[in-house]
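Asks: Sending over a structure as structure tokens; questions will come in a sec.
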Amino acid sequence: MFLKNSNLPKPVKFILLTLILIAVYLIIAIPFKVISIIPGFTDIRPVMLFKPVFGVFFGIPGCFAFAIGNLIGDIMSDSLRWSSIAGFAANFLAPFVFYLFFVKFAKTEFSLRTGKDLLKQLVVVVVSSVVETLIIAPSVKLIYPEVEFNLLSLTIFLNGTAFPLLLGIPLMILMQEELGFMPLKRKDLD
């Protein structure tokens, strides 16, 4: 928002926005890294509330921030593994699904004002969570066969679904309706 009207070159704006979003991600992610479900592989992740926010309001910089923030969180919590490569990809694609659906290919402006809007949000949250689960869980199981696949899959899916629905939607409504943040639009991509 504050970078949008600045005279900085586009690459500088992109990098600055990405760095700011990484900082926001880490402020929420790091304190919860101690609540582990499968130590070194999955934990309770309230930071997933930012998945739709980063995709809809910030686009590609938000997608990179989400992936890089997850990778930094893995490093800081001593849970960096080979499967973190899949985690990086999945955590880029998670907000990217929102970006594609609500910004790139949208026929209408993003809103959460009606039941139909909320239903669309629910569907995209579920699709995004399935994408994450299908990337991360098989990768972890392939590299670390001792990890309980069903528990890992369920944890990834629930983290990716519950937090964006229960916390992400209210945050997005607050950002859009009260704080004046404008979701990206197709015309903003030029």
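Asks: Note down the relative contact order for the chain as a percent, whole number, built from C-alpha pairs under 8 angstrom at least six residues apart.
Replies: 26 percent
Asks: Along the Cα→Cβ direction, 7 angstrom out, place labels at Phe14 and Leu142. What is the inter-label distance in nm?
Replies: The two pseudo-label positions are separated by 2.9 nm.
Asks: What FRET efficiency comes out for the pair Lys104/Leu134, r = Cβ-Cβ distance, R0 = 30 Å, nearest 0.05?
Replies: Numbers: r = 21 Å, r/R0 = 0.71.
That pair, Lys104 with Leu134, gives E of 0.90.
Asks: Mind sorting Met48, Met182 by how few other Cβ atoms lie within 10 Å of their own Cβ, fewest first?
Replies: Met182, Met48
Asks: Something else now. Got the relative contact order for segment 77-185 handy, in percent, Cα pairs under 8 Å and 6 or more residues apart?
Replies: Here the relative contact order equals 30 percent.
Asks: Taking the number of other C-beta atoms within 10 Å as the exposure measure, put Asp43, Asp117, Asp78 in order starting with the fewest.
Replies: The most exposed by this proxy come first: Asp78, Asp117, Asp43.
Asks: Quick check of the Kirkwood formula: for the chain, what is the inverse mean of 1/r over all pairs of different Cα atoms, in Å?
Replies: Working: mean 1/r = 0.0596 Å⁻¹.
One decimal place: 16.8 Å for the Kirkwood radius.
Asks: In deg cm²/dmol, rounded to 500, what helix-only [θ] at 222 nm does the chain give when every DSSP H run of at least 4 residues adds -39500 (n - 2.57) and the total is split over its residues?
Replies: About -20500 deg cm²/dmol.
Asks: Ok, one more. How high is the relative contact order of segment 46-95, in percent, with contacts defined as C-alpha pairs under 8 Å that are six or more residues apart? Don't skip to the end; give the middle numbers.
Replies: On the way: 41 pairs, mean separation 23.6, N = 50.
It rounds to 47 percent for segment 46-95.
Asks: Quick check on the exposure proxy: order Arg45, Arg186 from fewest to most C-beta atoms within 10 angstrom.
Replies: The most exposed by this proxy come first: Arg186, Arg45.
Asks: Of Lys51/Lys120; Lys13/Lys104; Lys10/Lys185; Lys120/Lys141; Lys13/Lys107, which sit over 22 Å apart, Cα to Cα? Write out the running numbers ahead of the final one.
Replies: Numbers: Lys51/Lys120 15 Å; Lys13/Lys104 20 Å; Lys10/Lys185 17 Å; Lys120/Lys141 32 Å; Lys13/Lys107 27 Å.
Among Lys51/Lys120; Lys13/Lys104; Lys10/Lys185; Lys120/Lys141; Lys13/Lys107, the Cα-Cα distance tops 22 Å for Lys120/Lys141; Lys13/Lys107.
Asks: Could you calculate the contour length gain from Val126 to Phe149, that is, 0.36 nm times the residue separation minus the distance between their Cα atoms, to one decimal place in nm?
Replies: 6.4 nm
Every number here is computed from the coordinates shown, using simple stated rules; none is lab data. Please read these numbers as outputs of a predicted model, since none were measured by experiment. Here the Cβ is made from the backbone with ideal geometry for all residues, glycine too, and neighbour counts use every protein chain on show.
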